[in-house]
Amino acid sequence: MNFETLAITESDGVAHIELNRPDKANAMNGTMWKDMRSAFDWLSSSRARVGVLSARGKHFTAGIDLDLLAALRSEITSLPAGRGQELLKEKIVALQMAISAAESCTKPILAAIHGACIGGGVDLVTACDMRYATQDAVFSVKEIDLAIVADLGTLQRLPTLIGEGLARELAFTGREFDGNEAHGMKLVNRVFPDKDSMMTFVLKTAADIASKSPLTIRGIKDTLNYSRDHSVAEGLSYVASKNAAIMFSPDLAEAMSAAQQRRKGNFED
């Protein structure tokens with residue numbers, strides 16, 4: 001896959017997606033938003049079993065490109081009352097869908113974060129399945145300082161990850177916090193001294209996941225997402241139906257055989 005603002009490589013079932021506007025601190029312009037949605041949709045239907053999301057350059061992302069905001073403001077204010085608001089909602093929903101494409105992707109996505117992860121960057125990583133960061137990573141729910149209500153997923157997903165009170169503090173203040181604090185609040189799974197050691201671990205973890213039954217990997221992600229948004233009873237009913245449909249697949253026989261023979265399983269995509 002070729003994208004203007006992303007670099008994608010694939011190896012051994014792992015698709016590595018890198019934000020690739022390093023000269024702009026990977027600020028998310030209109031093209032990047034479209035590229036991200038297309039890339040996550042591609043990953044969902046590709047032969048890759050796991051995605052890794054990272055960034056080239058000094059920063060993960062500075063968030064939404066301010067030039068995009070300025071152009072959007074100009075476009076909206078040039079329209080009559082009502083029509084401008086209608087168009088703005090359409091634009092916001094399109095951006096939301098680019099972020100949500102990571103969450104709805106059938107494959108797990110591991111985010112590896114270094115440098116700045118600001119505003120829209122927090123929206124993006126909270127939609128991923130797992131997050132890892134360097135100690136010197138800098139996070140901020142920055143929208144408050146632009147007089148914007150964060151509207152791309154942070155206010156919906158962050159409280160589930162770190163708790164309601166802390167999420168409110170970060171959203172109301174916009175204060176910066178580093179990788180160590182992000183780990184302490186359970187926003188990230190692990191923290192690393194530098195990007196190289198982080199990428200080594202994340203890519204190894206992704207490869208380990210990719211070696212498992214892809215049918216089961218997809219089932220786990222689907223069940224976790226469903227259960228997060230429903231009651232325990234509903235979640236249990238859902239996973240019972242899920243396993244009734246997929247448990248006795250060839251993957252189960254292969255997993256049992258591989259365990260008995262003390263080898264890695266060989267699964268179809």
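Residue pairs whose Cβ atoms lie under 9 Å apart, separated by 6 or more positions or on different chains, with the first residue in the stretch 135-159 and on the phi > 0 side of the Ramachandran plot and the second outside any loop (DSSP other than H, G, I, E, B) and among the small types (Gly, Ala, Ser), are Gly153/Ser100. Can you name every residue in the stretch 159-172 that is hydrophobic (A, V, I, L, M, F, W, C) and open to solvent by 40 Å² or more (accessible area, probe 1.4 Å)? The answer is Leu161, Leu166, Phe172.
Restricting the stretch 119-158 to residues that are more than 25 Å from Leu69 (Cβ to Cβ) and over 15 Å from the mean Cα position of the chain (by Cα) leaves a set whose member that is surrounded by the most Cβ atoms within 10 Å (Cβ to Cβ) is Thr134.
Taken together, the residues in the stretch 134-187 that are modelled with pLDDT of 95 or more, more than 29 Å from Met199 (Cβ to Cβ) and of a type in the set (A, V, I, L, M) amount to 3. When you scan the stretch 75-87, do you find a residue that is of a type outside the set (Asp, Glu) and more than 26 Å from Val149 (Cβ to Cβ), even just one? No, that holds for no residue.
Residues of the stretch 193-241 that are surrounded by fewer than 16 Cβ atoms within 10 Å (Cβ to Cβ), of a type outside the set (A, V, I, L, M, F, W, C), assigned to a helix (DSSP H, G or I) and in contact with an Asp or Glu (Cβ under 9 Å, 6 or more places away or on another chain): Asn225, Tyr226, Ser227, Tyr238.
For Met28, are the conditions met, namely being within 19 Å of Ala133 (Cβ to Cβ), touching a helix residue (DSSP H, G or I) at 6+ places or on another chain (Cβ under 6 Å) and in contact (Cβ under 8 Å) with a residue 60 or more places away in the chain? So Met28 passes the test. Here Arg263 meets each of (1) surrounded by fewer than 17 Cβ atoms within 10 Å (Cβ to Cβ); (2) modelled with pLDDT under 75; (3) assigned to a helix (DSSP H, G or I) with one exception, condition (3).
The values are calculated or read from the model by the stated rules, or taken from the named source; none is laboratory data. All of these numbers come straight from a predicted model, not from anything done at the bench. Here Cβ is always computed from backbone atoms with ideal geometry, including for glycine, and neighbour counts include all displayed protein chains. We work out accessible area using only protein heavy atoms, side chains counted, and drop any ligands, DNA or RNA first. Shrake-Rupley method; radii C 1.70, N 1.55, O 1.52, S 1.80 Å.
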